[in-house]
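Input: a single structure, listed below in C-alpha cells.
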Amino acid sequence: MSSKPIEIHFDKRLNNLNLVQEADAGQRREFLIITILVILMVLGALAYGWQHYQHRDLGYRVEAASKTQKQLLKDREKLRSEHQFLRSSERIDRLSRERGMVVPAPGQVRVVAPSGPEEVEPSPELAASQ
C-alpha cells in the first residue's frame, strides 16, 4: 500500500474585515497605569541624575575656588613682603645716594600750607624770573 498525503481544500473564504473588536476597559486602564508608572520612573531617574550632576559640578567649583583662594593668599603675602622691602628706609637711602642725592641742608626745605580762595603772592624768585 502506498500512502499518499491527504490534501484538504476549503471552499469557503474567510473575511475578517467586517469584524469590530470592542475596547476592553480593564486592559486600557492597565496600559494607562503602566505608562504613567514608567513615565514617573523615568522622570525620577532624570531628577536623580541631574541632582547628582549638580552635586559633582558644585564640588568641582568649590575645589577650584579653594585653589584660587590659596593662590591669592600666597600672592598677597608675596606682595606685602615686596611692599615692605620697597618701603624700607635703608633701601630708599641707598638708592638716593647711588643717584647722587644728598640730605637737604637746613633752610632748603619749605613747607607750603594750602591756602583758601584768596590769591597767593608769588615767591621772590618766581617774580624775578618773570
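The values are calculated or read from the model by the stated rules, or taken from the named source; none is laboratory data. As the structure is a computational prediction, the values presented were derived from the model and not from experiment. Using ideal geometry, Cβ is built from the backbone for each residue, glycine included, and neighbour counts are taken over all protein chains shown.
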Exercise for review: Check whether at least one residue in the stretch 66-84 is under 30 Å from Pro104 (Cα atoms), assigned to a helix (DSSP H, G or I) and of a type in the set (D, E, K, R), and report yes or no.
Suggested key: yes
Practice item. Any residue in the stretch 56-68 that's among the β-branched types (Val, Ile, Thr): show its pairings with residues that are outside any helix (DSSP H, G or I) and surrounded by fewer than 10 Cβ atoms within 10 Å (Cβ to Cβ) at Cβ separation under 7 Å, as long as the two are six or more apart or on different chains. Key: none
Practice item. Give just the number: which of (1) in a helix (DSSP H, G or I); (2) at pLDDT 90 or above; (3) over 26 Å from the mean Cα position of the chain (by Cα) does Gly100 not satisfy? Key: (1)
Point to revise | Residue that is assigned to a helix (DSSP H, G or I), under 17 Å from the mean Cα position of the chain (by Cα) and surrounded by 10 or more Cβ atoms within 10 Å (Cβ to Cβ), where the choices are Gly49, Gly59 | key: Gly59
Exercise for review: Return a yes/no flag: does the stretch 58-79 have any residue that is under 30 Å from Val103 (Cα atoms) and not polar (S, T, N, Q).
Suggested key: yes
